[in-house]
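Heads up, the thing below is written out as C-alpha cells.
The values are calculated or read from the model by the stated rules, or taken from the named source; none is laboratory data. All of these numbers come straight from a predicted model, not from anything done at the bench. Backbone-built Cβ (ideal geometry, glycine too); neighbour counts: all protein chains shown.
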Amino acid sequence: MADSQLECLRDDHVNKKETEDMCQFYYSEEHRRCLEVLSQHGIQGYREYIKELNIRGFLSTRELIDLKNCWKKYDIESETPKKSKSKSNKLEPESKEKKVSLQYWPDKSDTEIPPLDLGWPENGFYRGVSQMLIYTHPPKENAPTIKAVIRDLIQKAKKVIAIVMDYFTDRELFRDVLDAADKRRVPVYMILGEEGVKHFLEMCEMMQLSNFMLRNVRVRYVTGVGFYLPYGKISGSLTHKYLMVDGDKVASGSFRFTWSSLRLDRSIMSLLSGNYTEPFDIEFRELYTISEEVNLYKELSLQEYLPSPIGTRARSSTVARKLINPKYSLVVGRSPAPGEMLRFGSPNPTEEGEDGKSEGQKRMDRFLDDLVSIEQESPEIVNLDDLPQSLPKKETGKFSEKALSPKPSKNRFFTFKKRQNPLSDRVVEGDFVVLNKPKSESGYSRSHSNTDLMSTGKTSPTKNEKVKATEKCIIS
C-alpha cells in the first residue's frame, strides 16, 4: 500500500489538520477554491471571496496577474460524427471503447519517450575530481565574469552540451553553441521554457541560420508542474538554469542566457565538477522525457537535413582499432566526428559508382586485401649437412685429445677459452681449464716430445736433448 493509505489507517491520523504554521503545510482546499474563483471571476472576484470567508490573502498583485494570464481551458476533443445507420451494429462496441477517457488513471501513453539520438556520454560512477567554484556578477577581484566562464566551457566541449534555460536570447553564446555543433560535431541538447520558445525562434530568424548548422542541435520545451482545476489548468514555468558540458562540469545559478542578465543583473553562479554533476545529469534526462519537440526546420522554414547512413559492412575488432588511428585516414578518408559517430550518420552523402560502392569504400577494400594478399619472401632454407665441414687443427698436448671428446658434466657452464699460447700448455679437467707453464727438468717434457714424434712421425730433437748432448760432448 502507498504511504498515504497507511497513514490514514493510523489512529493518530484521525481529524489531523496541518495548519499554515506547520512546516508540512503544502496543500489547502481553501487555496484551491480561491484559485478557482480567480480563474472564473477575475481578480476582483478573488478579493471579495477572501473577505467573505475571512481567509488570509496568500497572493500578491503580480502573482494574481500572472496566474490569471496562465489559466487555460482544457482542449476537449471534438466528438466523432455519428455513423450511418446502414452499418452493422458490430461496430458499436468498438465505438464505445474509443470514447473511453484516459484523462484519469491512464493505462496507455499517446506519446513516445524521446530518445537522445545524438548520443550521451557514459561517465559511470566516477566523474573526476569533485570541486565547486563560485562566480558572481559583478566579478570579484582578478576573477572572470560569468559570461566568460560559460563561453569557455562551451568552446572546450568535446562530448555533449546540455542546456536547461527559461530564456535563451544571447547571440554570442548561441554562436559558440553552433560552432561546437557544426565545426566540432558536438551533440547539443536544449530544453527551454514554454514562454521562452518564441523569443528563441526570433533570435534564430535574425541570425539567418542554415539547415546544415542545425543538424547536431535538438531543442525541446517544458512547462511547470501547474495546478489543475475543474475547467482548466494554471500552467507553471520552468525556472531551471544550468549548463552541463561533457557530463562532468555544470554551471548553475540565477543567471539567464540573455544579454541583460549577463550584463545588467546581479547574479551568482556555481561551477561544479566531478560527482556533484550526477543529480543534474539525472534531472536533465527526466526533463527531456516529458518535454515537447521544437522543430527548428519547420519553424524557421528550412529544408530538413537528412544524414546518409554509414555503410554497414562488418569489420573485425582489429580493423576497427586500426581505423581509430589518424594515419589510416589517408587510406579511408576523413573519419566522422564524435557527434556523427554517435548518430550513425555521415555529414556528406557519398557518391556511389557503378558497382554501388563509394570511392572511400573501394580504397578501404583494396587496403584490407593488401593486408592479406601481399606475398612475403621468406629466406632460403639451407641444409646444414650440405655445408662443407672444416676439420679442426690438431694441437699438441693433452688439450687436443680431450677437446675433441668432451666429457659430460652434471652442471652446465659456459667456458670462455683464450687463444692458445705456444709457450704454455693447457690441460682440461672437467669443466675447468688449468694453465701449466713449461718445466725444463720434469719428465713431462719427454712425454711431450714423444707425443709430437708419434703424431707427426718426424724426429725433431728438443731443446733439452740438445743441451744434454752438448754436455755429454763436453764431459767426454
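LYS72 meets each of the listed conditions (1) modelled with pLDDT of 90 or more; (2) closer than 17 Å to PHE227 by Cβ; (3) not in a loop (DSSP other than H, G, I, E, B) apart from (1). How many residues does the stretch 254-282 contain that are loosely packed, with under 15 Cβ neighbours inside 10 Å and part of a helix (DSSP H, G or I)? Number of matching residues: 5. Restricting attention to the stretch 113-162 and to residues that are basic (Lys, Arg) and touching a residue at least 12 places away in the same chain (Cβ under 8 Å), the residue that is nearest to LEU272 (Cα to Cα) turns out to be ARG127. Among the criteria (1) more than 28 Å from the chain's Cα centre (by Cα); (2) surrounded by fewer than 20 Cβ atoms within 10 Å (Cβ to Cβ), the one GLU172 does not fulfil is (1).
Is one or more of the residues making up the stretch 77-86 modelled with pLDDT under 50, loosely packed, with under 12 Cβ neighbours inside 10 Å and closer than 26 Å to GLY226 by Cα? Before you say what the answer is, go through the steps one by one.
Looking only at the stretch 77-86, we keep the residues that are modelled with pLDDT under 50, and these are 78-86.
With the extra rule that they be loosely packed, with under 12 Cβ neighbours inside 10 Å, the set shrinks to 78-86.
Subsequent filtering for residues that are closer than 26 Å to GLY226 by Cα retains 78.
Taking every residue of the stretch 77-86 in turn, at least one turns out to be modelled with pLDDT under 50, loosely packed, with under 12 Cβ neighbours inside 10 Å and closer than 26 Å to GLY226 by Cα.
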